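Have a look at the structure below before the remarks.
Computed from the coordinates by the stated procedures, all read-outs in this text should not be read as laboratory data. As the structure is a computational prediction, the values presented were derived from the model and not from experiment. Note that we place each Cβ from the backbone using ideal geometry, even for glycine, and neighbour counts take in every protein chain shown.
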Amino acid sequence: MQRIQVKACGKINLSLDVKKRLENGYHQVEMVMQQILLHDDVAVRWFENQNGRVEIEVSTNRPYLPRDSRNLAYKAAHLMIRQYGEARSGKIRIDIKKRIPVAAGLAGGSSNGAAVLHALNQLWSLGLTVKDMCEMGSELGSDVPFSIMGQAKENPDLGLANDPLAAHCAVARGTGTDLEPIIGLKSHLVLTKPSIGVSTAEVYQGLALDKIEERPNTAELVAALAEKNYKIIQKNMINVLENFTLTRYPNVMYTKNKVERLFNEEAVLMSGSGPTIFALCRNRGEAQRAYEELKAYNKETFWTRTTY
Ligand SMILES: C[C@@](CO)(OP(=O)(O)O)[C@H](O)COP(=O)(O)OP(=O)(O)OC[C@H]1O[C@@H](n2ccc(N)nc2=O)[C@H](O)[C@@H]1O
Ligand SMILES: Nc1ncnc2c1ncn2[C@@H]1O[C@H](COP(=O)(O)OP(=O)(O)O)[C@@H](O)[C@H]1O
């Protein structure tokens, strides 16, 4: 039996712009994605046998999550079997210790799928590059390719930390799967999630594209990240999906207002389609104080940092 453990990190969107609705119902986006240290642990084991087929078994510490073909980790294993499993026989056992909240806008599920692609690449000695896996991963979900590139950087044992596409931060275009590595953000963070899950599809569908008032300037944000110009970074922390989620779910609006008050209206944003709200913190002390205050309000509150 061989075993690989992957640190499956979440992400935040430092900016998120939607350019247009595509014919297949998806949306063309332009966003800056930043990996965060808050992570699930995904352990993958490969037991070779002579049964003539490959089986998949999934376990998690969240009893409400599916363990069958609806789980993104299962789906990723299935995809690998379809592509590279033909001549193999054995069992893929996946154990997921979740910390990233579910349906939160933090790409927790995607990170689990990405981790399984990385692990099987190692366990089956496939020699795939980050680009190869990103192409496969885009079939599983729009956030999966970014998770693959981030995990390559954050898990040096996977042997891909020097791959040209390994990075902690990226601009994502197309449907979110065309990725350009960029210099990321070094910051403490607090994240707080109201106790609802938000459907990404509902938010994209509900977005009124003709009513978007304020958009981030991606080029300006990318330059500001490279120069560590926090004022300009903050100015471009805009997520065009925020308005829909905040209006549709009053307790998300309430949480955002509360975090903004704590941070004097500075550097507070909803991640992805929500409902998690995050704030950039100047230092440990500020992060700890905000964490303690918000924890009493939302159980799913975290004190973490970006990866770099
Ligand atoms: C909004 C973002 C921002 O990073 O993240 P989350 O809030 O989900 O974390 C992503 O665009 C989400 O990525 P992900 O959650 O992987 O989405 P997918 O599974 O690919 O798609 C779920 C649904 O969202 C809609 N969708 C997704 C991506 C996209 N560019 N346009 C869309 O319209 C589609 O209706 C699709 O059926
Ligand atoms: N391994 C997994 N971890 C979390 N959610 C999963 C997983 N597999 C499938 N899902 C499903 O994917 C959906 C979105 O999950 P998640 O990635 O956590 O959200 P988001 O895209 O908002 O960041 C949830 O409804 C959940 O049931």
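What area, in nm² and to one decimal, does the C-alpha convex hull of the chain cast on average over all directions?
Values: hull surface 62.0 nm².
That works out to 15.5 nm².
Inter-label distance, residue 84 to residue 53: 2.2 nm, where each label sits 7 Å from its Cα along the C-beta direction.
Between residue 69 and residue 132, what's the calculated FRET efficiency when r is the beta-carbon distance and R0 is 30 Å? Round to 0.05.
The computed FRET efficiency comes out at 0.85.
Hull surface divided by four, with the convex hull built on the Cα atoms of region 155-308: how many nm²? Could you put the intermediate results ahead of the total?
Values: hull surface 41.0 nm².
Taking the Cα atoms of region 155-308, their convex hull projects to 10.3 nm² on average.
Against the main long axis of the alpha-carbon atoms of the chain, helix 72-84 sits at an angle near 40°. Could you tell me which trypsin sites (Lys or Arg not before Pro) in region 108-187 are loop residues by DSSP with no more than 15 other beta carbons within 10 angstrom of their beta carbon? Answer by residue number: 186.
Computed over every Cα-Cα pair of region 2-181 and binned at 10 Å starting from 0, the pair-distance distribution P(r) comes out as 10, 40, 35, 13, 2, 0 percent.
Here the spin labels are modelled as points 7 Å beyond Cα on the Cα-Cβ line, and at residue 228 and residue 28 they lie 3.7 nm apart.
For the chain, relative contact order (Cα pairs under 8 Å, six or more residues apart, normalised by length) works out to 22 percent. Taking Cα centre as origin and charging only the Cβ of basic (Lys, Arg, +1) and acidic (Asp, Glu, -1) residues, the dipole magnitude of region 144-219 rounds to 160 debye.
What residue among 270, 241, 298 has its Cα farthest toward the positive end of the dipole of region 188-305, where the charges are +1 on Lys, Arg and -1 on Asp, Glu, each on the Cβ? The listed residue farthest towards the positive side: 298.
Could you work out the percent of alpha carbon pairs in region 160-199 separated by over 12 Å, rounded to a whole number? Walk me through the numbers on the way to the answer.
Values: 569 of 780 pairs.
The answer is 73 percent, as a whole percent.
Take the cross-link list 97/186; 75/235; 19/131 and give me the ones stretching past 31 Å between alpha-carbons. Violating the 31 Å Cα-Cα cut-off are 75/235. This model, with +1 at the C-beta of Lys and Arg and -1 at the C-beta of Asp and Glu, gives the chain a dipole about its Cα centre of some 740 debye.
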